[in-house]
Amino acid sequence: MAHAEQNALISVYNKDGIVEFAQGLSDMDWHIYASGGTARKIAESDVPVKDVSELVGGEAILGHRVVTLSREVHAGLLASGSPEDTQEIADLLIPRLDLVCVDMYPLKEAIKKENATEESVTENTDIGGPTMLRSAAKGRRIVLSRPEQRNCVLQWLREERPDEATVLRVLAATAEREVAEYVTQSADYLGQLALSSESKSSYTTHLKDILFSNGT
């Protein structure tokens, strides 16, 4: 079955094998967008790639903390296939993003570093990655959140996407689980900091009680 023009967005911390993945997509005529270092890594191997800055209308800002947190990226991921959505993003010159490949900065490693501080952990907490994964999962795009999915997904695409609806659900569930585990790591870290901090007012004590009550 033939598919319309396909666009992929790649943004990964672990770049092992990412060139081969991008090449596999390019060989199937996918258009590839990538962020920062990922784009450079892919371009070095002469695989056609556009920096995501071309999509969002500007380079990364705030010390690279804001790259993919943009209307263009998330509209491209969340637009349905309805005529209304298709026309709206076309009018805005926003391409539909059909595949996202993201892995996040390893927060657990940042927390475990010997010289870790609250500031360093906060700075290394990924926001754009989890947000893209959730948008892609909700939009039922092809969403890859683990490196070991890449070869399987490439082969699935080559074989014309058998059992597509179920595959997309599995990928969405995996992405949601990755985000949930990542956010839980952040919550546990901040909770431990809160627990070890002296409560200097009744407000702090009350809010700590709410934090550790699990909503009950």
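Quick one: accessible surface of D209, probe radius 1.4 Å, all protein chains present, in square angstrom to the nearest 10.
Rounded to the nearest 10, the figure is 90 Å².
What is the Cα convex hull volume of the chain when expressed per residue in Å³?
Working: hull volume 35.3 nm³, N = 216.
Convex hull volume per residue, Cα atoms: 163 Å³.
Heavy atoms only, 1.4 Å probe, whole protein assembly: order C101, C152 by accessible area, highest first.
The residues order as C152, C101, largest area first.
Taking a point 7 angstrom from the Cα of R140 along the C-beta vector, which residues in region 164-204 have backbone N less than 14 Å away?
Only 164-173 fall inside the zone, counting backbone N under 14 Å.
If ligands, DNA and RNA are left out, what is the accessible area of T166 with a 1.4 Å probe, given in Å² to the nearest 10?
In the full protein context, T166 sits at about 60 Å².
Rank F21, F212 by accessible area, highest first, at a 1.4 Å probe radius? Walk me through the numbers on the way to the answer.
Numbers: F21 5, F212 95 Å².
Final ranking, largest accessible area leading: F212, F21.
Given a 1.4 Å probe and every protein chain left where it sits, what share in percent of the accessible area of the chain is carbon and sulfur?
About 51 percent, which is the carbon plus sulfur part of the accessible surface.
For Y105, which sequence-distant residues (separation of 5 or more, or a different chain) have an amide H within less than 5 Å of its own amide H, given hydrogens modelled in the peptide plane?
Distant-sequence amide H within range of Y105: D126.
What is the distance in Å between the Cα centres of region 164-194 and region 1-52?
If you average the Cα positions of each part, the centres end up 24 Å apart.
For the chain, with every protein chain kept in place, what is the accessible area per residue (1.4 Å probe, Å²)?
Heavy-atom SASA per residue in the chain reads 59 Å².
With a 1.4 Å probe and all protein chains kept in place, how much accessible area does K112 have, in Å² rounded to the nearest 10?
Probe radius 1.4 Å; accessible area of K112 about 150 Å².
Using helices alone, what [θ] at 222 nm do you get for the chain, with -39,500 (n - 2.57) per DSSP H run of 4 or more residues, divided over all residues and rounded to the nearest 500?
That calculation yields -16000 deg cm²/dmol at 222 nm.
So what is the relative contact order for the chain, in percent, with contacts set as C-alpha pairs under 8 Å and at least six apart? Walk me through the numbers on the way to the answer.
Values: 258 pairs, mean separation 39.0, N = 216.
Dividing the mean separation by the residue count of the chain yields 18 percent.
Please give, to one decimal in nm, the separation of the simple spin-label points placed at A90 and F212, each 7 Å out from Cα toward the Cβ.
5.8 nm
Order the following by accessible area, largest value first: H74, H31. Probe radius 1.4 Å; ligands, DNA and RNA are ignored.
H31, H74
The values are calculated or read from the model by the stated rules, or taken from the named source; none is laboratory data. These figures come from a predicted structure and were not determined experimentally. In this analysis, Cβ positions are derived from the backbone assuming ideal geometry, glycine residues included, and neighbour counts consider all displayed protein chains. Each accessible area value is taken on the protein alone, full model and side chains, heavy atoms only, with ligands, DNA and RNA left out. Shrake-Rupley method; radii C 1.70, N 1.55, O 1.52, S 1.80 Å.
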